[in-house]
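Q: Quick one: the structure is below, and I'll ask about it shortly.
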Amino acid sequence: MSTVERYLQIIPLPVLMIAPVGALLAFLLIPGRYRMLAALSLTVAWLPLSEYEGLGIIQALAKTTGFAVYMLLAVTAWMNPGPRRRLPLMAWLYPAVALLGFLYIWTVTDRPLAFVISVQWLTLVIAALAVSQTIVDRASLLRVGGAITVGLAIALALPLSDLVLHPGTAFGARGRFSPYGMNANHVGVVFGLAAPLALYAAIRARPIIWKALLVGVAVAAVGMGVLTASRSTVWFMAGSALPLALAMTGRPMMTLSGAIILAVGVNWALGEAGEVPLERLSTVETRRVEIAEDFLGVIAQRPWFGLLGTEGESFRRAETEFIASRNPHNAYLHILYFGGISYALPVFTLAAFTGWCAFRTWKGRRLVAADPLLINMLVAIMVMTYAHGFVNQSMYYPTSPLAFPHVLLSAIFMGLAMDLKRRGEALVPQAPDDAASLYLDYGDESPDDDSAQRAA
């Protein structure tokens, strides 16, 4: 019995068809300006549920409705009132590549599952592009970031509940934090994203109660991230939060308070954990190198078209004389295994273009309508996402919490880089109102006309 058939036995097909309609009708009752933000928080909080194997029917429901959640988000983004951003042509390569991927799964042994995953990836990129089009100034960027932060904070409640209520069973056979049966490396992505976003929100929040609450969210994410004993999670958190740590050096009291709270929280978590193999964090030894070498041997057998036209192959796991049913634990090798060079070329082109746009945005971060500290952090998250791809394939897997932020950030950077390019090509100064709009909500001071024209 295939994975799809097993889940359909748990969740009847009529329920799956009615649920999206009911959710859409419920969202129509929410005021228009809040629909997309509510859908975005729901998406971020809902999708990790599909990885908790101990949740039974909830996990099955989350897995089978992922595409509907993404489509709900896309619809609410299209209905969102206000101006819309025009994305560069390169951004639309994402849905084109997603459609291209259907060609490569036609003959695989697990085609029903491959088809579901491919549909979910297509709806994911559509939703990410739709949300990115609503980001037209600093305020809209902060609203989207805030909705994602809220969703991640909600998502933290479930693993935290397992740690508090079931400390004896929340850790897997190897002693690593695996709440409700979720793989330690997979749940680590939730912690890795929540920590820097909550910390940034805490730095920028004004009411002290919000600062304390957000610092608590960041501390919970860091503490549970350490308990996974996942090197990729710890490095992801550290790299993503580095710009924030540097910014906090000018705020010694906040830095000291955060350090004390973090130390207390981590010590409590370690006390609940028992024997967590934290020695893994001090070594770089891994079997992923051997797995990568094996996968390169498989890829070399069909380098141009991957699974296209093959027989008896799985779209997720290689099972040959080299490998006994493994996934590559590497996003880039997974793409090459799946579609060879013919599919990897556009995918890697998107990654390279995203990197160039992120660098261009970082260089011109004081000329775009965004907080420079936020740009620094988002660039760091983007860098760590692509670095994380060398040890995990989650950024191209639609059920992973990292996949949607990856595509959304990519589209955001493409849009911001296009803005900077257009301004750099302007031969005449912009009108004062247009120039001042670059600094919308940027701070208490507004640049005078002359300085705004020089900036443009």
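The values are calculated or read from the model by the stated rules, or taken from the named source; none is laboratory data. Not measured: the values here are computed from a predicted model. Cβ sites come from the backbone with ideal geometry, for glycine too, and all protein chains shown count toward neighbours.
Q: Hey, does segment 150-165 have a residue that's in the same structural domain as residue 219 (by TED's automatic domain parsing), closer than 22 Å to residue 369 by Cα and modelled with pLDDT of 95 or more?
A: Scanning segment 150-165, I find no residue that is in the same structural domain as residue 219 (by TED's automatic domain parsing), closer than 22 Å to residue 369 by Cα and modelled with pLDDT of 95 or more, so the answer is no.
Q: Another question about this same structure. Is there a residue in segment 143-156 that is of a type in the set (Val, Ile, Thr), over 24 Å from residue 202 (Cα atoms) and touching a helix residue (DSSP H, G or I) at 6+ places or on another chain (Cβ under 8 Å)?
A: No - not one qualifying residue is present in segment 143-156.
Q: Same structure again: Failed condition for residue 364, given (1) of a type outside the set (Phe, Trp, Tyr); (2) over 20 Å from the mean Cα position of the chain (by Cα); (3) at pLDDT below 90, with all others met?
A: Failing condition for residue 364: (3).
Q: Counting only residues that are closer than 27 Å to residue 191 by Cβ, give me the helices (runs of 4 or more DSSP H) lying completely in segment 74-175 with at least 2 of them.
A: The helices (runs of 4 or more DSSP H) meeting that bar are 111-132, 138-165.
Q: Condition test on residue 119, is it surrounded by fewer than 21 Cβ atoms within 10 Å (Cβ to Cβ), of a type in the set (A, V, I, L, M) and modelled with pLDDT under 90?
A: It is false that residue 119 is surrounded by fewer than 21 Cβ atoms within 10 Å (Cβ to Cβ), of a type in the set (A, V, I, L, M) and modelled with pLDDT under 90.
Q: I'd like to verify a number: residues in segment 171-197 that are among the small types (Gly, Ala, Ser), surrounded by 23 or more Cβ atoms within 10 Å (Cβ to Cβ) and out of contact with any Ser or Thr (no Cβ under 6 Å at 6 or more places or on another chain), how many?
A: The qualifying residues number 3.
Q: A further question follows. When you check residue 70 against the structure, is it touching a helix residue (DSSP H, G or I) at 6+ places or on another chain (Cβ under 9 Å), part of a helix (DSSP H, G or I), among the aromatic types (Phe, Trp, Tyr) and closer than 22 Å to residue 194 by Cβ, yes or no?
A: Judged against the criteria, residue 70 is a match.
Q: Looking at residue 334, is it assigned to a loop (DSSP other than H, G, I, E, B) and either under 26 Å from the mean Cα position of the chain (by Cα) or at pLDDT 95 or above (or both)? Working first, answer last.
A: Numbers: assigned to a loop (DSSP other than H, G, I, E, B): no; either under 26 Å from the mean Cα position of the chain (by Cα) or at pLDDT 95 or above (or both): yes.
Answer is no for this residue.
Q: Do we find a residue being surrounded by 15 or more Cβ atoms within 10 Å (Cβ to Cβ), at pLDDT below 65 and touching a Leu at 6+ places or on another chain (Cβ under 7 Å) anywhere in segment 32-40? Explain how you work it out, then say what you get.
A: Taking segment 32-40 first, the residues surrounded by 15 or more Cβ atoms within 10 Å (Cβ to Cβ) are 35-40.
Right, trim to at pLDDT below 65 and you get none.
No, because not a single residue in segment 32-40 is surrounded by 15 or more Cβ atoms within 10 Å (Cβ to Cβ), at pLDDT below 65 and touching a Leu at 6+ places or on another chain (Cβ under 7 Å).
Q: Among the listed residues 370, 344, which satisfies the condition of being touching a residue at least 40 places away in the same chain (Cβ under 8 Å) and crowded, with 19+ Cβ neighbours inside 10 Å?
A: Working: 344 fails: touching a residue at least 40 places away in the same chain (Cβ under 8 Å).
Being touching a residue at least 40 places away in the same chain (Cβ under 8 Å) and crowded, with 19+ Cβ neighbours inside 10 Å holds for just one of 370, 344, which is 370.
Q: Residue pairs, Cβ under 6 Å, 6 or more apart or interchain, first in segment 210-221 and part of a helix (DSSP H, G or I), second among the β-branched types (Val, Ile, Thr). List them.
A: 219/261
Q: Continuing with this model, one more query. Have a look at 446, 451, 410, 400 and point out the one that is at pLDDT below 95 and under 19 Å from residue 192 (Cβ atoms).
A: That would be 400, the only listed residue that is at pLDDT below 95 and under 19 Å from residue 192 (Cβ atoms).
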